[in-house]
Structures are given as C-alpha cells and as structure tokens.
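Notes follow once the structure below has been shown.
Nothing in this text is a laboratory measurement; each read-out follows from the coordinates by a stated rule. This one's a predicted model, so the numbers in the text were calculated from it and none came from an experiment. All Cβ positions, glycine included, derive from the backbone under ideal geometry; neighbour counts span all protein chains shown.
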Amino acid sequence: MLRVGHRAGRDPRLTTHLALTARAFGAERMLLHPPDPDLATRVAAVGARWGGHFEVVGAPDWKRAVREFDGTVAHLTMYGLPLERVRPELRRARRLLIVVGGAKVPPDLYRLSTHNVAVGHQPHSEVAALAITLTTILGVPGPAALPGARQRVVPRRRGKRVVETRERP
C-alpha cells in the first residue's frame, strides 16, 4: 500500500494504524510519502515480535511510485466507484497497490490511479476503508501466528493470553 501525504508531526498514530492494519490483513509493504524513518522503525519492531514479512519503505516521490508501479492502482476515496463494483478486477490483479491519502489528497492522484474506490460515500476512517478493502480482496486473516513470530495470542472467550513461541526469525 502507499500512504500519501503523511505528516510526521501530526499523523504518526493514524499512519501507524494504517501500517499495522495493512500488515495484519495481508499486505507486504507500505510505501510512505513523505518518508518517516521513526515510524518505519516502530512498525518493524512490531513485526519482530509478532512475525510476518512487512516493511515500511520511504517514498520521496509518490507520483513516481504510482507511475512506475507495474500493476493495478486502487486509490481509496469516498468519491470513487463502489468497492463491490470493482472488486472482481481488484481480485484478479496480478499486483495491486492500494493508495490511502492524507488530509489533503493531491488532485493528480485521482487521475493517476487505475481505480478510485469507495467503501462508502460518507466520511469515514482511512483505516476502516483499508481493512474492509483488504478483507474483500484477500479474505479475513486467520488466527495463526505469522512466520518468525516471537509471541502469539491464545484465543480465549474471556481475558487475554499471549505466549512466547519457540520459533525464532
């Protein structure tokens, strides 16, 4: 996925939640514009504990990242076509870049994207839109620990339990 318009001083919590959601729901990496090495380090620390292969990579030029992407580009926006309408094409895509904009989405993003996709046509959370889109395309993530996890959740009806795993990266 690509996060466009991240404001390091103002958006670290929201962008971190986008990264964690992308990671948990099956994405391989987040391109981050503009780059934020501190955020990338924090997300990498989560991956070291909880496993999986996810990285946050700085993208100094978001337009170049979109133009050079060899695949389908889906920009999540409440102004786009309904997700259900473009879902078949997104599922068939050999490579898919999901783009989530920040507070002020550059107008060029609407033009450069293969699809402008709406989860709903009301104001809502970018994190929710990303989770719904990834679930629609990839399905609901299972409860299994990711490869390389140092800890995992033991599902319980009440309370919580996290255990150390034997697996090491």
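Against the chain, whose longest principal axis is taken from its Cα atoms, helix 126-138 shows a tilt of about 80°.
Each Cα pair under 8 Å and six or more residues apart adds its separation to the average, and for region 79-169 the resulting relative contact order is 25 percent. The slack in the chain from V154 to D61, taken as 0.36 nm per residue of separation less the alpha-carbon distance, amounts to 29.3 nm.
Pick from V86, V154, V100: which residue has the top mean-square fluctuation in a GNM of the chain where Cα pairs under 10 Å get a spring? Of V86, V154, V100, the most mobile in the Gaussian network model is V154.
When the Gaussian network model of the chain links Cα atoms closer than 10 Å, the mean-square fluctuations of V57, V105, V66 top out at V105.
Sorted on the mean count of surrounding Cβ atoms within 10 Å across their residues, most packed first, peptides 131-138, 30-37, 144-151 read 30-37, 131-138, 144-151.
Counting only DSSP beta bridges with both residues in the chain, the antiparallel share comes to about 15 percent. Against the chain, whose longest principal axis is taken from its Cα atoms, helix 83-92 shows a tilt of about 70°. The percentage of C-alpha pairs in region 2-143 whose separation is greater than 20 Å is 43%.
Its DSSP H runs of at least 4 residues, each contributing -39,500 (n - 2.57), put the calculated 222 nm mean residue ellipticity of the chain at -11000 deg cm²/dmol, to the nearest 500. Along the positive direction of the dipole of the chain (beta-carbon charges: Lys, Arg +1; Asp, Glu -1; about the Cα centre), which of L96, A48, L18 reaches farthest? The Cα lying farthest towards the positive end belongs to A48.
May I ask you to list the residues of region 69-99 whose amide nitrogen lies under 19 Å from a point 7 Å from Cα along the Cα→beta-carbon direction of H124? Only 74-91, 98-99 fall inside the zone, counting backbone N under 19 Å.
Within region 7-27, find all residues whose amide N lies under 14 Å from a label point positioned 7 Å from the Cα of T165 along Cα-to-beta-carbon. Within reach of a label on T165, which here means backbone N under 14 Å from a point 7 Å along Cα→Cβ, region 7-27 contributes 24. Short-range pairs are left out: with C-alpha atoms under 8 Å and at least six residues apart, the relative contact order of the chain is 26 percent. Of the peptides 2-11, 121-130, the order by per-residue mean of other Cβ atoms within 10 Å, starting with the highest, comes out as 2-11, 121-130. A Förster radius of 30 Å combined with the Cβ-Cβ distance from E68 to T136 puts the calculated FRET efficiency at roughly 0.70.
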